[in-house]
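First up is the structure itself, then whatever we jot down about it.
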Amino acid sequence: MSLPQPKFPVLSWRSCLPSSEPLPPRFGGSRHRLHTTSGRAALACALRHMAAAHGSAVGVPTYHCPTMIAPVVMAGLRPQFYPITDEGLPRLGALLDSQGKSLVQALLVPHYFGVPRNLEPVQQWCRMHGVLLIEDCAHTYFGMAGDRPVGCWGDYAIASISKFKPVPEAGILLLEPKPDQAIELSSTAWLHELKAAFTVIERALSFGRLAGLGVLYRATMGLRKLLKREHRVITDITQPIIPSSQTIGTNNEQAIAYCDMDRSFRHPSRVARLLATCLPEGPIVAARRRNYQRFLQAFGALDGATPLSQHDMRDGAPYVFPLLVRDEDRAHHLYHHLRISGYAVFRWDTLWPGTLSLAGDAGQLWSHRIIQFLCHQSLGEADIERTVREVQRLLNPSPASTPDPRHAPA
Ligand SMILES: Cc1ncc(COP(=O)(O)O)c(C=O)c1O
């Protein structure tokens, strides 16, 4: 597959084939699930269910995607930025006042990049201080976080399904249902269902998948044009938010608009739910591990950058591979070159307006120097090799590159 590379999974015939590959434990075990349109919608629903008083503070990390903060502000709550450790966990001391009381009523803690983290100490801290824990599993749908599956530590846990499966919209909120506090979601019109199906097929065809469906698809172009206006709206959520400080704006209203929170309280389309439920998960996990392992092996030998961690992902299914570039200018140039050339990379350098610079915070450094390389199943071995070669070419002054272990002599 040539550039541009898909930034989210796309449907292919192969992804529909049955599989008997073993699966790691999955998000949230058997807890109660509310199906939403996205991870940010799941967060919005959690905050509504929590019913915290207007203006209450929610602890959020300085290293974030703005879609993690928008639901907090939209709910009339106040983001209280906290610093993170080199392991990506909250520096909890920063959330206490001088009397040792918590500054926040709720705490949002992500498992960054798809690496499950044991949140037992964070959960204990939350219990001790009467704080509600929201476990953010947007990057981490599979795996064990300590002695529990991901999604089992928080009072609430959220997932972003479109990062793992070829669906235009879908998220999950796990919660303890309260009979007097049901979360009302509005229903999905049949037109929206149709548009969701079109979006899935259109994305697949645009990346050369679902061979044979193109003719059928073109035959329905007339109908598609009729749906065009709202169709464009639904397509937007499948697009990654492209970091750009020009577009997020300088105040909360502009930043909320940038995050597209419109579908927060709607049921996801049936098409998205059906695909999310029925597609086999074994190949998804296997492909993501394979892609991650290749990055780990190749990027261990770079001159100007290093893998953020040596986690081998044998027990999870990564979202991205985080590469820490030593020099900020180099990180900037490398990232922009890769983005413009169509490689599947992200960087979280667009922060919510008013994000604080805090002492001892790895987040500030990460937002400029970490490049996130996507690992999803729609990136084949050729895509990953191409990315590896390009990064080696740009970062290693000499052409000495690590051999691909799969091609090494036995
Ligand atoms: C850690 C984290 N949490 C939540 C979200 C929001 O998920 P979604 O894009 O499904 O709304 C994102 C989005 O990138 C994310 O990275």
Give the range 303-323 a look and list any residue that's in contact with a Pro (Cβ under 8 Å, 6 or more places away or on another chain) and surrounded by fewer than 20 Cβ atoms within 10 Å (Cβ to Cβ), or say none.
D303, P307, S309, D315
Sole residue being farther than 18 Å from T277 by Cα and part of a strand (DSSP E or B), chosen from A157, A182, A204:
A157
I'm told R273 meets every condition in (1) in a helix (DSSP H, G or I); (2) under 17 Å from F8 (Cα atoms); (3) out of contact with any strand residue (DSSP E or B) (no Cβ under 7 Å at 6 or more places or on another chain) except one. Can you identify the failing condition by its number?
(3)
Within the range 115-138, considering residues that are assigned to a helix (DSSP H, G or I) and charged (D, E, K, R), the one surrounded by the fewest Cβ atoms within 10 Å (Cβ to Cβ):
R127
If I go through the range 97-114 residue by residue, how many of them are in contact (Cβ under 8 Å) with a residue 12 or more places away in the chain and surrounded by fewer than 23 Cβ atoms within 10 Å (Cβ to Cβ)?
4
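Quick one: is T355 polar (S, T, N, Q) and within 16 Å of the ligand (Cβ to nearest atom)?
Yes: the conditions hold for T355.
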Residue in the range 140-147 that is surrounded by fewer than 17 Cβ atoms within 10 Å (Cβ to Cβ), of a type in the set (A, V, I, L, M, F, W, C) and assigned to a strand (DSSP E or B) present
yes
Would you please name the residue that is surrounded by the most Cβ atoms within 10 Å (Cβ to Cβ), looking only at residues in the range 1-54 that are part of a helix (DSSP H, G or I) and either more than 15 Å from the ligand (Cβ to nearest atom) or among the hydroxyl-bearing types (S, T, Y) (or both)?
S15
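FYI, it's all coordinate maths here, none of it is from the lab. No experiment lies behind these values; they were computed from the predicted model shown. Because the Cβ atoms are built from the backbone with ideal geometry, glycine has one as well, and the counts that use them run over all protein chains shown.
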